[in-house]
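K.L.:
Have a look at this one.
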């Protein structure tokens, strides 16, 4: 399906509100139990929750859900809803009497884009998005465009709509690398010579703050440090797709999830390096395609990564 859900066990749920001052939402990526994860944050204005727990030197290596949300730092409250849902399902780090779900989150800036600056996601929307992800089933189609965390997204200094995009790449040996992106960047998308490219030096000032959020998922078996390095590679794809990227006004964040279903070739040190470099190169390309898919899908037309449509002005 050219989607992050091509990775077996990865599920995606969107919840959004539009109208009566609202233009925001939440997207939850729900991996199978035991999924290993990490993150790399490079934007100058990040809004994140629980990302320190994904460092390779910390106690817990697995991730129970990833929350992508609108509402800037206020929207990070939605992570509590996804965490509540996970606890009810028994998903999390076992402690006496309960489990503590590991639910990192990151937010885009969309405050006030629906008219009410206080209309932003909270615990209820996080819970609903997690439940929607679970209910979607394996290998479900992922809705793209202005849904979930991409509902109020804008790009290119607020000139055009952004949104949710996704992609996947299949490698030899059955390894799949998928990505989902919430594109709300200050920069303009780079489609290549044949496509439209609003100038990066446009005189239009930034509209508030921005951010592009990405989750990379793979069925490969990776440890936390390898997930961290794969997230770092994903930022290369972000930089290829958006100009400029990683600015002071963006909170660009890439998560990586590894379900562990396919073992990479580690028979020799050289084989290990080749396997990881190949996977991480695919991660960068999957991120690039997911971002461009998010821009194209914001037109409200059903697209796949690679069907790059003309921009639609943000006021339409």
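K.L.:
If residue 281 satisfies all but one of (1) at pLDDT 95 or above; (2) in contact with a strand residue (DSSP E or B) (Cβ under 8 Å, 6 or more places away or on another chain); (3) at negative phi, what's the number of the condition it fails?
P.N.:
Exception for residue 281: condition (2).
K.L.:
With region 80-182 as the region, which strands (runs of 3 or more DSSP E) entirely inside it contain at least 1 residues that are under 20 Å from the mean Cα position of the chain (by Cα) and buried (at least 23 other Cβ atoms within 10 Å of the Cβ)?
P.N.:
Qualifying strands (runs of 3 or more DSSP E): 105-107, 163-170.
K.L.:
Also, I was wondering about something else. I'm checking my understanding of the structure. Among residues of region 276-295 that are touching a residue at least 12 places away in the same chain (Cβ under 8 Å) and over 16 Å from residue 168 (Cα atoms), which one is surrounded by the fewest Cβ atoms within 10 Å (Cβ to Cβ)?
P.N.:
Top of the filtered list is 276.
K.L.:
Considering each of 138, 124 in turn, give the residue that is more than 25 Å from residue 261 (Cβ to Cβ), modelled with pLDDT of 95 or more and touching a helix residue (DSSP H, G or I) at 6+ places or on another chain (Cβ under 8 Å).
P.N.:
124 is the lone residue from the list that is more than 25 Å from residue 261 (Cβ to Cβ), modelled with pLDDT of 95 or more and touching a helix residue (DSSP H, G or I) at 6+ places or on another chain (Cβ under 8 Å).
The rows are residues; the columns are (1) part of a loop (DSSP other than H, G, I, E, B); (2) over 25 Å from residue 245 (Cβ atoms); (3) out of contact with any helix residue (DSSP H, G or I) (no Cβ under 8 Å at 6 or more places or on another chain).
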{"site": "13", "(1), (2), (3)": "no, yes, no"}
{"site": "23", "(1), (2), (3)": "no, no, yes"}
{"site": "45", "(1), (2), (3)": "yes, no, yes"}
{"site": "64", "(1), (2), (3)": "yes, yes, no"}
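K.L.:
Quick one: which residue in 314, 298 is at pLDDT below 95, over 15 Å from the mean Cα position of the chain (by Cα) and surrounded by fewer than 23 Cβ atoms within 10 Å (Cβ to Cβ)?
P.N.:
Result of the check over 314, 298: 314.
K.L.:
Just to verify a result, which residue in region 42-70, among those that are under 22 Å from residue 186 (Cβ atoms) and surrounded by 24 or more Cβ atoms within 10 Å (Cβ to Cβ), is farthest from the chain's Cα centre (by Cα)?
P.N.:
The qualifying residue farthest from the chain's Cα centre (by Cα) is 43.
K.L.:
Being under 26 Å from residue 135 (Cβ atoms), modelled with pLDDT of 95 or more, in contact with a helix residue (DSSP H, G or I) (Cβ under 8 Å, 6 or more places away or on another chain) and buried (at least 24 other Cβ atoms within 10 Å of the Cβ): is that true of residue 77 here?
P.N.:
No: the conditions fail for residue 77.
K.L.:
From the list 290, 231, pick out the single residue that is under 15 Å from residue 42 (Cα atoms), at pLDDT 95 or above and assigned to a helix (DSSP H, G or I).
P.N.:
Going through 290, 231 in turn, the sole match is 231.
K.L.:
Only one of (1) out of contact with any helix residue (DSSP H, G or I) (no Cβ under 8 Å at 6 or more places or on another chain); (2) in contact (Cβ under 8 Å) with a residue 60 or more places away in the chain; (3) outside any strand (DSSP E or B); (4) farther than 23 Å from residue 89 by Cβ fails for residue 52. Which number is that?
P.N.:
Result: residue 52 passes all but (2).
K.L.:
OK, next. Any idea which residue in region 234-275 is modelled with the lowest pLDDT, counting only those that are in a strand (DSSP E or B) and surrounded by fewer than 24 Cβ atoms within 10 Å (Cβ to Cβ)?
P.N.:
That would be 243.
The values are calculated or read from the model by the stated rules, or taken from the named source; none is laboratory data. From a predicted model like this one, the values you see are computed outputs, not experimental measurements. Counting neighbours? That spans all protein chains shown, and the Cβs are built from the backbone with ideal geometry, glycine included.
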